[in-house]
Structure formats: structure tokens, C-alpha cells
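Asks: This is the structure I have questions about; it appears just below.
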Amino acid sequence: MSELAADEALPEPPRDIVPAALPIVLALVMLPLSGSASSWVTLTVASLAMGMMIFIMASGLTLVFGLMDVLNFGHGAFIAVGAYVATLAFGPLAAWMQSDSLLDNLAALLPAGLLAMAVSGALGAVFERVLILPVYGQHLKQILITMGGLIVAEQSLYALWGPQQIPLPLPGALRGSFILGDIAIAKYRVLAMVVGLVVFVGTLLVLNRTKVGLLIRAGVENREMVEALGYRVRRLFLGVFMVGSALAGLGGVMWGLYREQIHASMGGDLMILIFIVVIIGGLGSVTGCFIGAILVAMVANYGGFLLPKLALVSNILLMVAILMWRPRGLYPVTNR
Amino acid sequence: MSDLLTLAGVHTHIGRYHILQGVDLTAREGRTTMLLGRNGAGKTTTLRTIMGLWPASSGTITLAGTRIEALATPDIATRGIGYVPETMAVFSDLTVKENLILAARTGPLDDAQLAWIFQFFPALKKFWLSSAGTLSGGQKQMLSIARAIVEPRKLLLIDEPTKGLAPAIVGALIDCLAEIKRRGATILLVEQNFRVAEAIGDDVAVMDNGRIMYTGDMPTLAANTALQEHFLGLSLEAHQ
Ligand SMILES: Nc1ncnc2c1ncn2[C@@H]1O[C@H](COP(=O)(O)OP(=O)(O)OP(=O)(O)O)[C@@H](O)[C@H]1O
Ligand SMILES: [Mg+2]
């Protein structure tokens with residue numbers, strides 16, 4: 001049985017850090033191109049903040065696809081619904097929102113964010129049971145029915161709130177910037193980065209340190225085998241779907257505050273960007289999604305600064321370039 | 001000796017292909033039943049149908065007296081089946097340890113059981129915290145088998161464990177399957193390598209074109225080269 005002992009040392013696989021280094025390289029390349037240190041910091045912080053928000057919105061979608069092969073074009077509905085629901089909480093909490101005390105602001109933001117997550121998550125559960133369950137394994141029908149779901153959600157928001165954009169001003173203490181010499185860093189962007197990092201680290205901890213997380217990762221790689229070990233992947237999937245929807249709702253609130261306005265079609269508008277992120281990252285990979293989101297945001301911000309005319313196509317170009325380099329995304333997990 | 005698993009008149013369609021065309025098969029308790037047959041005979045499809053990974057379109061599958069053909073895969077598995085698929089299907093992104101944690105469905109890993117497994121799969125101990133994707137083919141096969149035996153199971157379904165393995169490793173695998181057998185496991189083992197089949201099989205079923213063409217006991221088939229050639233033909237020589 002000595003053959004099985006495999007005396008030869010197993011080479012530790014080199015950690016694949018090239019994708020993770022891409023944003024850093026991009027930022028360094030941008031350094032001489034951005035004219036001044038202060039504009040470089042502004043652009044980079046803007047990219048990181050925007051990337052984190054997109055990551056929050058996209059992270060659920062990548063797991064949903066990875067785990068069950070479900071193409072959910074309706075994911076944007078949870079973004080918009082989350083943002084709208086938050087306004088319900090901001091109404092009665094208006095005094096705290098306008099206060100200049102950060103504590104007061106957080107006392108309003110926290111319940112609003114939680115409410116948005118709860119409603120988006122619950123909507124996600126309904127969405128999964130009613131729209132997606134009947135069309136498992138049928139991609140064309142998934143696309144049609146989830147797009148239909150998105151349209152119904154958007155139209156419902158129009159019907160309830162009216163067609164106009166709704167202003168969503170930043171709370172008092174989060175307006176303005178931290179000033180360091182001639183460098184200005186918008187306060188809200190710092191908050192967005194912190195929340196994004198918390199979500200990213202939290203997701204990684206769950207995926208790597210808990211049995212549910214192991215099941216999700218195993219299921220993304222080989223759903224059949226997880227079922228053959230005796231686990232109900234569909235139930236797991238419902239849970240992932242709900243958490244992903246809740247995060248999309250949270251991302252919607254954050255995006256709304258970032259833009260200081262919300263609109264019923266905001267979710268649908270963001271979907272192209274989110275799909276690009278998920279595809280760039282590698283379907284099913286949370287780390288890939290995180291890096292993809294930052295890359296997309298960097299290309300948008302740096303590109304918009306250097307070559308404003310290319311702004312519309314820059315993310316498509318990024319996606320093409322990455323897929324030519326790695327056809328299955330930065331960190332491929334699934335074999336699909 | 002009672003029948004632990006019985007397939008009666010099982011048909012399976014994959015898409016519009018009619019693959020299993022009335023399979024009748026039993027696996028007797030405490031014995032190792034070899035499922036033999038040429039490439040494409042339907043052996044893998046039979047195991048997948050038992051696991052509910054392909055739905056049987058007609059016929060019955062009975063495990064320990066309970067009909068399971070209409071159950072979903074997780075419910076079939078939790079009735080006490082350990083499955084080692086042809087593709088091994090180790091979770092390459094997870095470590096060896098994590099693969100086994102998931103396989104131990106009912107609770108934490110049992111140290112005594114692990115020690116037993118490490119006895120004949122020492123590589124798994126050595127690479128305990130390495131990701132399964134970095135293992136060699138043979139080591140992956142060990143892990144896949146270890147997953148199926150990390151907790152006691154009524155029935156083990158093992159699909160071509162020696163496929164693609166070096167002859168020396170095949171010998172070691174025979175030893176470990178024999179050891180699992182000695183512990184009283186009931187095994188349904190798909191194998192193209194007659195040397196392996198001969199070494200550990202008690203009963204034999206030979207498949208062709210989606211049907212069972214011959215059943216009997218291993219010593220009879222092993223002793224009768226004419227029978228072997230008739231039912232197994234060239235495929236055996238190709239694997240010698
Ligand atoms: N997914 C599938 N779609 C269509 N046909 C399939 C599929 N899987 C298997 N088949 C067909 O079913 C038949 C039986 O295949 P199966 O894999 O069960 O054979 P096998 O006896 O396990 O062969 P092998 O020794 O090569 O593993 C083959 O003709 C194969 O082409
Ligand atoms: Mg096969």
C-alpha cells in the first residue's frame with residue numbers, strides 16, 4: 001500500500017494572485033496619468049467605493065448562478081425595492097437623518113438598511129418559489145420569466161411611488177469630505193468602503209468557516225455530488241437566494257444614497273454592470289466578483305477621467321479583454 | 001442472505017435516448033456484487049438511476065424493503081447509500097478534511113473511523129489540509145471512497161474505482177476494498193478490470209445494451225473462460 005502513501009511531497013499550488021493584483025497594477029499605472037496626487041486619490045477612492053457597492057449588489061447573483069445555474073435577470077428588482085423601502089424608514093426618521101451627529105445618522109441608516117434587506121430578502125424568497133422553481137434547468141425561460149419579474153417589480157414601484165425620481169439626500173454627518181492637505185476624501189465613500197469590506201469578509205468567513213458555507217462552495221462546484229451525499233441543495237439555494245436578494249437591497253440603499261436619488265428603473269439600469277462583474281469574476285466566485293467589481297469601477301472612473309468618450313464602452317472592452325485572457329473569468333469555479 | 005437492493009424492470013431515458021431497457025438486479029446483504037459489461041453497456045447509468053440522479057422512467061428500486069425509485073437524490077442518500085461516482089467528484093476547491101466533513105452528514109468526524117481510513121489511505125492524512133484539487137488521480141479516488149465510508153452506510157455504490165490508475169495502485173485498492181468488505185459492507189461495484197472483479201467479487205451481473213445478460217457467482221464466472229468471453233468479450237482483454 002506504499003503507493004498510496006504518496007511519499008513525494010505534494011507541491012502547494014501557487015496561489016493565483018494575478019487577478020487580485022490587477023486593481024493594484026491599474027491604480028499604479030494611473031498614478032502618473034492622473035495629473036495630481038489629489039485627483040488620483042479622489043478617483044481611486046471613488047472607484048473603490050463604487051466597486052464595493054457593486055460587489056454588494058452582485059455577490060448574491062454570482063452564487064445564485066454558480067449553485068443552481070440560474071440566470072436571474074430580475075436581480076435588479078431587489079436593488080430598486082430595497083432602495084424604495086428604505087425611504088419608508090427615512091420618512092419617520094427624518095430628524096435623525098438631518099442631524100449632524102454621526103450617531104443619529106446611523107440610528108436612521110441602520111434600521112432603514114435592515115428593513116430594506118428584510119423586504120428584499122422576503123421578495124427574493126417569493127421570487128425563487130414562484131418564478132424560478134418552475135423553470136429550473138431551462139435558461140431561456142429563466143431569462144424571460146425573471147425579466148418579466150423585474151418589469152412587474154419596476155411597474156409596481158411606479159404605481160406606488162409615482163414615476164418621478166425620489167431624492168435621497170445624504171445624512172448630515174456623511175456629507176462633505178475629509179480633507180488631508182489638498183486631498184479630499186468623500187465621507188460617504190469611506191462608509192461605503194467599510195460596509196463593502198465587511199460584507200466581503202463576512203461572506204468569505206461564512207463560505208470558508210461554516211458547514212453551510214462548505215456546502216455552498218461544494219454545491220457550486222458539483223451540485224449532484226452534494227445531493228448524493230444527502231443534502232437538499234434546493235433548500236440551500238433558497239437560503240442563498242434570499243441572502244443574495246437582501247444584499248442587493250442593501251446595495252440599492254447604498255447606491256441611492258451615493259447618487260442621492262432613486263428611481264424605479266435603477267435596478268434594471270445597474271444590471272448590465274452587475275452581469276459584467278459576475279462574468280469577469282468567474283461565475284460562482286465571490287472573490288472574483290469582488291475584484292471584478294473594483295476593476296469595473298476603476299475602468300469607469302479612470303476611463304471617464306482619461307477618455308470620457310470611451311466611457312460607454314470601456315466596461316465592455318474590459319470584459320472582452322479579461323475573457324480573452326481567462327475565458328471563464330478571473331477565478332473560474334464552475335465547469336459551466 | 002437477504003436482498004438489500006433490488007431493481008426490477010428498470011427503464012431509464014436520458015433525453016430521448018432509451019438507455020436502461022428493463023434492468024433486473026439484486027445486491028445481497030453483506031456481499032460484493034460486481035456489475036460488469038462493455039463500455040456503454042449502461043453500468044454508470046444503472047448506478048445513477050439508483051441514486052436518483054437520472055429518474056427511472058418505469059420499474060421499481062427497493063432498498064431494504066423500501067421503494068426508492070421516486071425519491072429525490074438526497075432522500076435516497078440519507079437512506080444509507082454511499083456513492084463513489086465514475087468521475088470521483090471530489091470537491092477540488094475544498095480540502096481533504098472539508099470533503100470528509102461534508103460526507104459525515106450526521107455529525108462531527110469520528111476519530112476511530114478516520115484512523116481506520118488512514119490505515120489504508122495514508123495519503124489522505126498526509127494531505128489532510130491540502131485542497132483536493134491538488135491530489136493525484138489515485139489520491140482523489142481514495143478520497144472519493146473515503147467519503148463514502150466515513151460514516152457507516154448500508155450500501156456502497158462504487159463506479160470503476162480503478163479506471164486510469166497505475167497497476168501498483170490498483171493492487172492497493174483491491175486490498176482496501178477487501179478490507180471494507182471484511183467489515184461487512186454491502187457493495188455494488190462496477191469494474192472493467194477482471195483482475196479486480198475476480199479478487200473481490202462474490203456475485204456477478206453482466207450488462208449489455210441496457211439489460212442484465214447474466215447473473216451468477218464470481219467463482220463460477222472466474223472458472224469459466226468461455227462464459228467470460230461470451231459475455232465480456234474483447235473488453236476484458238483490452239483491460240488486462
Ligand atoms: N448524458 C447522456 N446523454 C446521452 N446519452 C448518454 C448519457 N450518458 C450516457 N449515455 C449513453 O448511455 C449508454 C450507457 O452509458 P453508461 O455511461 O451507463 O455506460 P457504462 O456501462 O458506464 O460505460 P463505461 O464503461 O464506458 O463507463 C451509452 O451508450 C452512453 O452513450
Ligand atoms: Mg461508466
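The values are calculated or read from the model by the stated rules, or taken from the named source; none is laboratory data. From a predicted model like this one, the values you see are computed outputs, not experimental measurements. Cβ: placed from backbone, ideal geometry, glycine included. Neighbour counts: every protein chain shown. Side chains are part of the model used for accessible areas, which takes the heavy atoms of the whole protein and leaves out ligands, DNA and RNA. Shrake-Rupley method; radii C 1.70, N 1.55, O 1.52, S 1.80 Å.
Asks: Restricting attention to the range B:11-24, report how many residues are more than 16 Å from ligand 2 (Cβ to nearest atom) and farther than 18 Å from B:Asp203 by Cα.
Replies: Qualifying residue count for the region: 7.
Asks: Looking at (1) open to solvent by 40 Å² or more (accessible area, probe 1.4 Å); (2) of a type in the set (Lys, Arg); (3) within 25 Å of B:Glu29 (Cα to Cα), can you tell me which one B:Arg147 breaks?
Replies: (1)
Asks: Being open to solvent by less than 20 Å² (accessible area, probe 1.4 Å), within 14 Å of chain B (Cβ to nearest Cβ) and not β-branched (Val, Ile, Thr), is that true of even one residue in the range A:234-250?
Replies: yes
Asks: If you don't mind, there's one more thing I want to ask. I'm checking my understanding of the structure. Among residues of the range A:223-233 that are open to solvent by less than 40 Å² (accessible area, probe 1.4 Å) and more than 7 Å from every other protein chain (Cβ to nearest Cβ), which one is nearest to B:Phe91 (Cα to Cα)?
Replies: Only one residue tops the list, namely A:Val226.
Asks: Here is a follow-up. Any idea which of (1) touching a strand residue (DSSP E or B) at 6+ places or on another chain (Cβ under 6 Å); (2) open to solvent by 80 Å² or more (accessible area, probe 1.4 Å) is the one A:Leu160 doesn't satisfy?
Replies: Going through (1) touching a strand residue (DSSP E or B) at 6+ places or on another chain (Cβ under 6 Å); (2) open to solvent by 80 Å² or more (accessible area, probe 1.4 Å) one by one, A:Leu160 breaks only (1).
Asks: Looking at (1) buried (at least 24 other Cβ atoms within 10 Å of the Cβ); (2) out of contact with any Leu (no Cβ under 9 Å at 6 or more places or on another chain), which is the only condition A:Ser59 fails?
Replies: (2)
Asks: Could you check the range A:264-331 for helices (runs of 4 or more DSSP H) lying wholly inside it with 3 or more residues that are over 20 Å from the mean Cα position of the chain (by Cα) and under 23 Å from A:Met30 (Cα atoms)?
Replies: Once the helices (runs of 4 or more DSSP H) in the range A:264-331 are filtered for at least 3 residues that are over 20 Å from the mean Cα position of the chain (by Cα) and under 23 Å from A:Met30 (Cα atoms), what remains is A:286-306, A:311-325.
Asks: Check the range B:183-201 and report whether any residue there is in contact (Cβ under 8 Å) with a residue 60 or more places away in the chain, within 25 Å of B:Thr95 (Cα to Cα) and away from every other protein chain (no Cβ under 14 Å).
Replies: no
Asks: Pairs only if they're at least six apart or on different chains, beta carbon under 7 angstrom, first in the range B:150-166 and away from ligand 2 (no atom under 15 Å from the Cβ), second open to solvent by 10 Å² or more (accessible area, probe 1.4 Å) and among the hydroxyl-bearing types (Ser, Thr, Tyr); list them, first residue then second.
Replies: B:Glu151/B:Thr106
Asks: In addition: In the set A:Val220, A:Val201, which member is under 22 Å from the mean Cα position of the chain (by Cα) and more than 14 Å from every other protein chain (Cβ to nearest Cβ)?
Replies: After applying the criteria, what remains is A:Val201.
Asks: Can you tell me which residue is nearest to ligand 2 (Cβ to nearest atom) among those in the range B:25-40 that are touching a helix residue (DSSP H, G or I) at 6+ places or on another chain (Cβ under 9 Å) and either open to solvent by 10 Å² or more (accessible area, probe 1.4 Å) or not in a strand (DSSP E or B) (or both)?
Replies: B:Asn39
Asks: Kindly evaluate B:Leu47 against the criterion of being surrounded by 14 or more Cβ atoms within 10 Å (Cβ to Cβ), assigned to a strand (DSSP E or B) and within 16 Å of ligand 2 (Cβ to nearest atom).
Replies: No; evaluated as a whole, the condition is false for this residue.
Asks: Applying the selection to the range B:106-124, what residues are in a helix (DSSP H, G or I) and either more than 9 Å from chain A (Cβ to nearest Cβ) or crowded, with 16+ Cβ neighbours inside 10 Å (or both)?
Replies: Passing the criteria: B:Asp111, B:Ala112, B:Gln113, B:Leu114, B:Ala115, B:Trp116, B:Ile117, B:Phe118, B:Phe120, B:Pro122, B:Ala123, B:Leu124.
Asks: So, one more: Can you work out which of the residues in the range B:126-136 that are open to solvent by 30 Å² or more (accessible area, probe 1.4 Å) and facing chain A (nearest Cβ under 9 Å) is nearest to the chain's Cα centre (by Cα)?
Replies: Ranking the qualifying residues of the range B:126-136, first place goes to B:Ser136.
Asks: Determine whether A:Ala83 is within 23 Å of A:Met57 (Cα to Cα), in contact with a strand residue (DSSP E or B) (Cβ under 9 Å, 6 or more places away or on another chain) and among the aliphatic types (A, V, I, L, M).
Replies: In short, yes.
Asks: Sticking with this structure for a sec: Can you work out which of the residues in the range B:79-105 that are within 16 Å of ligand 2 (Cβ to nearest atom) and either of a type in the set (Val, Ile, Thr) or open to solvent by 50 Å² or more (accessible area, probe 1.4 Å) (or both) is farthest from the other protein chains (Cβ to nearest Cβ)? First the steps, then the outcome.
Replies: First pass over the range B:79-105, keeping only residues within 16 Å of ligand 2 (Cβ to nearest atom): B:83-89.
Checking the rest, the ones that are also either of a type in the set (Val, Ile, Thr) or open to solvent by 50 Å² or more (accessible area, probe 1.4 Å) (or both) come to B:84, B:86-87.
Numbers: B:Val84: 10, B:Glu86: 12, B:Thr87: 9 Å.
Per the stated criteria, the residue is B:Glu86.
Asks: Same structure, new question: Given the structure, is A:Leu205 surrounded by fewer than 22 Cβ atoms within 10 Å (Cβ to Cβ) and either of a type outside the set (A, V, I, L, M) or in a helix (DSSP H, G or I) (or both)?
Replies: yes
Asks: So, one more: If a residue has to be open to solvent by 90 Å² or more (accessible area, probe 1.4 Å) and under 23 Å from the mean Cα position of the chain (by Cα) to count, how many in the range A:166-182 make the cut?
Replies: 1
Asks: Right, next: Go through (1) open to solvent by less than 30 Å² (accessible area, probe 1.4 Å); (2) more than 28 Å from A:Ser101 (Cβ to Cβ); (3) touching a Leu at 6+ places or on another chain (Cβ under 9 Å); (4) not aliphatic (A, V, I, L, M) for A:His139 and report which single condition fails.
Replies: (1)
Asks: Only one of A:Val25, A:Val70, A:Val64 is among the hydrophobic types (A, V, I, L, M, F, W, C) and modelled with pLDDT of 90 or more; which?
Replies: Just a single option satisfies the conditions, and that option is A:Val25.
Asks: Would you check if B:Leu157 is within 10 Å of chain A (Cβ to nearest Cβ), within 16 Å of ligand 1 (Cβ to nearest atom) and either closer than 24 Å to B:Arg105 by Cα or open to solvent by 30 Å² or more (accessible area, probe 1.4 Å) (or both)?
Replies: In short, yes.
Asks: Kindly indicate whether B:Thr60 is closer than 22 Å to B:Leu20 by Cα, in the same structural domain as B:Cys176 (by TED's automatic domain parsing) and open to solvent by 20 Å² or more (accessible area, probe 1.4 Å).
Replies: yes
Asks: Another question, then. Can you tell me which residues in the range B:160-179 are more than 10 Å from chain A (Cβ to nearest Cβ) and aliphatic (A, V, I, L, M)?
Replies: Correct list: B:Ile174, B:Leu177, B:Ala178.
Asks: Inside the range B:13-24, can you point out the residues that are within 13 Å of ligand 1 (Cβ to nearest atom) and surrounded by fewer than 23 Cβ atoms within 10 Å (Cβ to Cβ)?
Replies: Once the filter is applied, which keeps residues that are within 13 Å of ligand 1 (Cβ to nearest atom) and surrounded by fewer than 23 Cβ atoms within 10 Å (Cβ to Cβ), the range B:13-24 yields B:His13, B:Ile14, B:Gly15, B:Arg16, B:Tyr17, B:His18, B:Ile19, B:Gln21.
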